[in-house]
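Q: What follows is a structure written as C-alpha cells; I'll ask about it next.
The values are calculated or read from the model by the stated rules, or taken from the named source; none is laboratory data. What you see is a predicted model, and the numbers here were worked out from it, not measured in a lab. Methodologically, a virtual Cβ is constructed for each residue, glycine included, from the backbone with ideal geometry; neighbour enumeration extends over all protein chains shown. Remember, those area values only see protein heavy atoms, side chains included, never the ligands or the DNA or RNA. Shrake-Rupley method; radii C 1.70, N 1.55, O 1.52, S 1.80 Å.
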Amino acid sequence: MTKWYDNAIIYQVYPRSFQDSDNDGLGDLRGLINRLDYIKSLGVNTIWLNPVLTSPQVDNGYDVSNYYTIDPKFGDMATMTELIEKAHQLGLHVLMDFVLNHTSDQHPWFQDALKSPNSLFRDYYIWQKTDNGLPPNNWGSFFGGSVWQEHPTEPGAYYFHLFDKHMPDLNWRNPEVREAMIEVAKFWVEKGIDGLRLDAFIHIAKGNLRQNYPTDSTQPVVAEPMFANLPNVVTYLQEFINELRKINSDLFILGEGASADPKLAALYTRKTNGRALCDAIVSFRNLPKKKKTATSLSTTLQLPQPEVLDVASLPVSIVEWQTTLAQTTQPTLYFSNHDLPRMATAYGDPQYPAESLKTLATMLYLQKGIPIIYYGEELGLKSAELTRFSAFQDQTVTDLEQQVPEGQKQAVLKALSQVHKTAARQAMSWDQSSNNGFSTHEPWLRVAPASTTVAQQDQDANSILNYYRALLKLKQSSLFSKGEFYLLNSSMKTIMFTRKFHGQVGLVVTNLSDQERTVTLPNFSLGQPVLTTGEWQQKAEELRLQPWSSVVFINSSVQ
C-alpha cells in the first residue's frame, strides 16, 4: 500500500537559525510559521524540525530535560499546535526530531537517579561500579574522553554517556524505560505530528560494559562495535514503532543510522511477520567521499580534513544503495545537514559555483529516493567562516586554541569552518536588511552577512533557488517519484540514468566535472529537454556537455 511518505520531499529546518520573530537573536516557532509559504513555494511537502523541546541547550536541544514541553526559547505548546495546523493547511507534513538514546542530566529522571542507588529511576540509566579508581572500560565518547562519568558524591559509581557528560544514556534494557519513551512518542503523535526522526537510534543497545575494546592506545577509543548496530536495536525498535502504529498507521519513521551501510539500512527497514521498523534511514555513508590532501598545518595540529565527493566511486555507490534497498524502502537523498558541512562548501566547484550545485542536485534528487534539503541549500549558502574558537561551541576546539601560534589562528579558524558542524548552522539569509532579515538582534551565531539572499534569488530566473523549484516540481511527478530507476553507462565523471513509469521515460545526464564530456545517448526517442543547466550540444546520438552541465529529457509530457 502506498503511503504519503513514499513521495516525501523533506526540507530540514534548524529552528534557532531559520527566522527570529521576537528579535532576541534566536530563531523560533513563530518565525517558522511566518515562513511556511516560502517553504511551500519550494515544492517540498514535509518539514523536518530539529529539536524544540525543553533543554539546557548543551547540545542545541539534543539534551532534552522535558519531553512534554516546548522550550520557551522557541515558543510554547500553543505555538507548536498552530505550526502543525497551519503546515497541514498548506499540505505540509511535520516531522519532529526524537531523542531516544539519552536525556539531559537535568531531566527529573536523572536528577532523581543521582540521589541514591535505590532511586526508582537509577536503572533508567546505565551504571557501573569499580573499586580501582578507573572507569569500567576504555570506550571513548563521541565528544571526547571516556564514555564514563563518575558520580559527584559516590566514588567508584560511573554513568554512561556516548555524547557529552551532561547527556547520560538511557538504559533500554529496562522495560520501564522502553514504556516511558513509547508514552512520550505517543504524546506527540496525538498532537498531530506526521513522523519522527529517530536520533542516534543505532546506539540504544550496548555490549558488555566490562569489556575493553582492543587497542594499543592508552586513551579512550570510540568503540562503535560495542555500542552501535547491536542485535537488540531491532528488538527495541519493533516494540517502539508497533505501539505508535496503533495510534497512526501512516506515521513516518525516519531513522538516523549515521554509520549504516546499505545492508544495515535494509535491515532497519525490513518488515517481517507484521513487525514494523523504520520507513527510511539517514546514513552519513549515503555518498562516497574522499579526504582532501592534508596541509602541513592540518597535519601538525591534527585538524579534521575536508571531504569531497568521490565521483569515481559514485556509480558503484548508487547501484549498491538502490539495489540493496529495493525490497524494503527507498534511499534518502541528501548532501548535508546540521551535523555536516554545507553542500556548497563540501561539494561545490568554486569555478562554477551555481552550475555545480544545480548539476549535483539534478544528479541526486531525481534518483529514486526521498530528497532531504537542508535549509539554505536552495540558495547555495556555504558554511560560515567563524572568527572565534569559542563560536564553535566545542570544547575540543576551545582547547585547540591554546596550541595554535598567534600568526596561524586565522588559518586554523578558516580550516575548521570548512568541516565543523556549527559553521553549517548559520542564520537563514532572507534579504539585505539588518542581519539578512533573520532578526534585528545579532544572531546567536555571529557571522558575516551572506552574499546571497532569498529576495535576490527570487527575482532571478536563473538563480539556484528557482532552479530548485523547477527541479522539485519534476520530482513531484509520478515519473520521478515512483518510476523505476536504471543507471546507464556512467564514467569519466558523468552520471546518466533513466526513470520509467507507465510507458513514460525520463533521461537524466549530468557532467560532474570541470571538463567537457561527451556521452552516447540511449537508443530511444528522447523528446525535448525539460530542465537544463550549463551549456550542452546534442548531435544525433551524442550529447556534448560543458563543465558542470546537465540535461533532463522526457519522452512525453509529465503527468
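Q: Collect the residues in region 190-209 that are in contact with a Phe, Trp or Tyr (Cβ under 9 Å, 6 or more places away or on another chain), small (Gly, Ala, Ser) and more than 11 Å from Trp48 (Cα to Cα), keeping them in residue-number order.
A: Start the filter on region 190-209 by keeping residues that are in contact with a Phe, Trp or Tyr (Cβ under 9 Å, 6 or more places away or on another chain), which leaves 194-207, 209.
Okay, now just the ones that are also small (Gly, Ala, Ser), so 195, 200, 205, 207.
Once the filter is applied, which keeps residues that are in contact with a Phe, Trp or Tyr (Cβ under 9 Å, 6 or more places away or on another chain), small (Gly, Ala, Ser) and more than 11 Å from Trp48 (Cα to Cα), region 190-209 yields Ala200, Ala205, Gly207.
Q: Still on this structure, please answer the following. What are the residue pairs meeting all of these: first residue in region 217-232, first residue touching a residue at least 24 places away in the same chain (Cβ under 8 Å), second residue charged (D, E, K, R) and part of a loop (DSSP other than H, G, I, E, B), Cβ atoms under 8 Å, and 6 or more apart or on different chains?
A: Short answer, once both residue conditions are applied: Met226/Lys206; Phe227/Lys206; Leu230/Lys206; Asn232/Arg173.
Q: Report the residue count in region 538-559 for those that are assigned to a strand (DSSP E or B) and surrounded by fewer than 19 Cβ atoms within 10 Å (Cβ to Cβ). Before you say what the answer is, go through the steps one by one.
A: First, pick out the residues of region 538-559 that are assigned to a strand (DSSP E or B): 538-539, 542-545, 550-554.
Imposing the further condition that a residue be surrounded by fewer than 19 Cβ atoms within 10 Å (Cβ to Cβ) reduces the set to 538-539, 542, 544.
The number of residues fulfilling the criteria is 4.
Q: Within region 367-375, is even one residue in contact with a strand residue (DSSP E or B) (Cβ under 6 Å, 6 or more places away or on another chain) and either within 22 Å of Leu26 (Cβ to Cβ) or surrounded by fewer than 19 Cβ atoms within 10 Å (Cβ to Cβ) (or both)?
A: Checking region 367-375: at least one residue is in contact with a strand residue (DSSP E or B) (Cβ under 6 Å, 6 or more places away or on another chain) and either within 22 Å of Leu26 (Cβ to Cβ) or surrounded by fewer than 19 Cβ atoms within 10 Å (Cβ to Cβ) (or both).
Q: Sticking with this structure for a sec: Quick one: would you say Arg178 is at negative phi, surrounded by 18 or more Cβ atoms within 10 Å (Cβ to Cβ) and charged (D, E, K, R)?
A: Working: at negative phi: yes; surrounded by 18 or more Cβ atoms within 10 Å (Cβ to Cβ): yes; charged (D, E, K, R): yes.
Considered against the rule, which asks whether it is at negative phi, surrounded by 18 or more Cβ atoms within 10 Å (Cβ to Cβ) and charged (D, E, K, R), Arg178 comes out as yes.
Q: Test Asp164 against the criterion of being open to solvent by less than 30 Å² (accessible area, probe 1.4 Å), acidic (Asp, Glu) and in a loop (DSSP other than H, G, I, E, B), and give yes or no.
A: On the way: open to solvent by less than 30 Å² (accessible area, probe 1.4 Å): no; acidic (Asp, Glu): yes; in a loop (DSSP other than H, G, I, E, B): yes.
In short, no.
Q: Does Ala415 satisfy the condition of being aliphatic (A, V, I, L, M), out of contact with any Phe, Trp or Tyr (no Cβ under 7 Å at 6 or more places or on another chain) and open to solvent by 20 Å² or more (accessible area, probe 1.4 Å)? Talk me through it step by step, then tell me what you get.
A: Numbers: aliphatic (A, V, I, L, M): yes; out of contact with any Phe, Trp or Tyr (no Cβ under 7 Å at 6 or more places or on another chain): yes; open to solvent by 20 Å² or more (accessible area, probe 1.4 Å): yes.
Yes, satisfied.
Q: Pick out, from region 427-537, the helices (runs of 4 or more DSSP H) lying fully within it that include 2 or more residues that are touching a strand residue (DSSP E or B) at 6+ places or on another chain (Cβ under 9 Å), under 24 Å from Val44 (Cα atoms) and not small (Gly, Ala, Ser). Can you show your working first?
A: Numbers: elements: 454-458, 464-476, 478-482.
In region 427-537, 464-476, 478-482 are the helices (runs of 4 or more DSSP H) which contain 2 or more residues that are touching a strand residue (DSSP E or B) at 6+ places or on another chain (Cβ under 9 Å), under 24 Å from Val44 (Cα atoms) and not small (Gly, Ala, Ser).
Q: Restricting attention to region 511-520, report how many residues are in contact with a Leu (Cβ under 8 Å, 6 or more places away or on another chain) and surrounded by 18 or more Cβ atoms within 10 Å (Cβ to Cβ).
A: 4
Q: Could you tell me which of the residues Leu303, Leu230 is within 27 Å of Leu209 (Cα to Cα) and hydrophobic (A, V, I, L, M, F, W, C)?
A: Working: Leu303 fails: within 27 Å of Leu209 (Cα to Cα).
Result of the check over Leu303, Leu230: Leu230.
Q: Also: Within region 31-43, is even one residue open to solvent by 40 Å² or more (accessible area, probe 1.4 Å), among the hydroxyl-bearing types (Ser, Thr, Tyr) and not in a loop (DSSP other than H, G, I, E, B)? Outline the logic, then answer.
A: Start the filter on region 31-43 by keeping residues that are open to solvent by 40 Å² or more (accessible area, probe 1.4 Å), which leaves 34-35, 37, 40-41.
Applying the additional criterion that residues be among the hydroxyl-bearing types (Ser, Thr, Tyr) yields 41.
Among the residues that remain, those that are also not in a loop (DSSP other than H, G, I, E, B) are: 41.
Yes, because at least one residue in region 31-43 is open to solvent by 40 Å² or more (accessible area, probe 1.4 Å), among the hydroxyl-bearing types (Ser, Thr, Tyr) and not in a loop (DSSP other than H, G, I, E, B).
Q: Can you pull out every residue in region 185-216 that is surrounded by fewer than 18 Cβ atoms within 10 Å (Cβ to Cβ) and touching a residue at least 60 places away in the same chain (Cβ under 8 Å)? First the steps, then the outcome.
A: Step one: filter region 185-216 for residues surrounded by fewer than 18 Cβ atoms within 10 Å (Cβ to Cβ), giving 186-187, 190-192, 207-212, 214-216.
Residues satisfying the conditions are Lys186, Phe187, Lys191, Gly192, Leu209, Arg210, Gln211, Asn212, Thr215.
Q: Please go through (1) under 25 Å from Asn101 (Cβ atoms); (2) touching a residue at least 60 places away in the same chain (Cβ under 8 Å); (3) open to solvent by 30 Å² or more (accessible area, probe 1.4 Å); (4) in a helix (DSSP H, G or I) for Ile247 and return the number of the only condition it doesn't satisfy.
A: (4)
Q: Please verify whether region 93-104 includes one or more residues that are closer than 28 Å to Phe392 by Cβ, open to solvent by less than 20 Å² (accessible area, probe 1.4 Å), part of a loop (DSSP other than H, G, I, E, B) and acidic (Asp, Glu).
A: No.
Q: Right, next: Only one of (1) of a type outside the set (Lys, Arg); (2) closer than 19 Å to Leu364 by Cβ; (3) without any contact (Cβ under 8 Å) to a residue 12 or more places away in the chain fails for Ser477. Which number is that?
A: (3)
Q: Separate question: Look at Gln408 and say whether it is more than 26 Å from the chain's Cα centre (by Cα) and either open to solvent by 40 Å² or more (accessible area, probe 1.4 Å) or touching a residue at least 12 places away in the same chain (Cβ under 8 Å) (or both).
A: Details: more than 26 Å from the chain's Cα centre (by Cα): yes; either open to solvent by 40 Å² or more (accessible area, probe 1.4 Å) or touching a residue at least 12 places away in the same chain (Cβ under 8 Å) (or both): yes.
Yes, satisfied.
Q: So, one more: Quick check on region 412-421. Is at least one of its residues at pLDDT 95 or above and farther than 15 Å from Phe392 by Cβ?
A: No, region 412-421 has no match at all.
Q: Same structure again: Among the residues of region 51-76, what is the count of those that are touching a residue at least 24 places away in the same chain (Cβ under 8 Å), open to solvent by 20 Å² or more (accessible area, probe 1.4 Å) and outside any loop (DSSP other than H, G, I, E, B)?
A: Count: 2.
Q: Also, I was wondering about something else. Quick check on my filter: what residues within region 192-230 are part of a loop (DSSP other than H, G, I, E, B) and under 24 Å from the mean Cα position of the chain (by Cα)? Before you say what the answer is, go through the steps one by one.
A: Step one: list which residues in region 192-230 are part of a loop (DSSP other than H, G, I, E, B), which gives 192-194, 200, 204-220, 222-223, 228-230.
Across region 192-230, the qualifying residues are Gly192, Ile193, Asp194, Ala200, Ile204, Ala205, Lys206, Val222, Ala223, Ala228, Asn229, Leu230.
Q: If you check every pair at least six apart or on different chains, which have Cβ atoms under 6 Å apart with a residue in region 414-428 that is of a type in the set (Ser, Thr, Tyr) first and a residue that is surrounded by fewer than 20 Cβ atoms within 10 Å (Cβ to Cβ) and in a loop (DSSP other than H, G, I, E, B) second?
A: Matching pairs, first to second residue: Ser417/Glu385; Thr422/Gln393.
Q: Can I ask one more? Name the single residue that is farthest from Arg122 (Cα to Cα) among those in region 145-161 being open to solvent by less than 40 Å² (accessible area, probe 1.4 Å) and of a type in the set (Gly, Ala, Ser).
A: Pass one, region 145-161, residues open to solvent by less than 40 Å² (accessible area, probe 1.4 Å): 146-148, 151, 154, 156-161.
Next, only the ones that are of a type in the set (Gly, Ala, Ser) stay: 146, 156-157.
Details: Ser146: 21, Gly156: 15, Ala157: 12 Å.
Restricting to residues being open to solvent by less than 40 Å² (accessible area, probe 1.4 Å) and of a type in the set (Gly, Ala, Ser), the top hit is Ser146.
Q: I would also like to ask the following. Search region 378-400 for residues being among the charged types (D, E, K, R) and either open to solvent by less than 10 Å² (accessible area, probe 1.4 Å) or touching a residue at least 60 places away in the same chain (Cβ under 8 Å) (or both), and hand back the single one that is nearest to Gln546 (Cα to Cα). Spell out how you get there, then give the answer.
A: If we filter region 378-400 for residues that are among the charged types (D, E, K, R), which is where we start, we get 378, 382, 385, 388, 394, 399.
The next check asks that each one be either open to solvent by less than 10 Å² (accessible area, probe 1.4 Å) or touching a residue at least 60 places away in the same chain (Cβ under 8 Å) (or both); those that pass are 378, 385.
On the way: Glu378: 23, Glu385: 31 Å.
Only one residue fits best here, namely Glu378.
Q: Pairs, please: C-beta under 9 Å, at least 6 apart or cross-chain, first residue aromatic (Phe, Trp, Tyr) and in region 359-370, second open to solvent by 10 Å² or more (accessible area, probe 1.4 Å) and assigned to a strand (DSSP E or B)?
A: none
Q: Turning to a different aspect of this structure: For region 382-426, name all the residues that are of a type in the set (A, V, I, L, M) and assigned to a helix (DSSP H, G or I).
A: Residues of region 382-426 that are of a type in the set (A, V, I, L, M), as a first pass: 384, 386, 391, 397, 400, 404, 411-413, 415-416, 419, 423-424.
Correct list: Ala391, Val397, Leu400, Ala411, Val412, Leu413, Ala415, Leu416, Val419, Ala423, Ala424.
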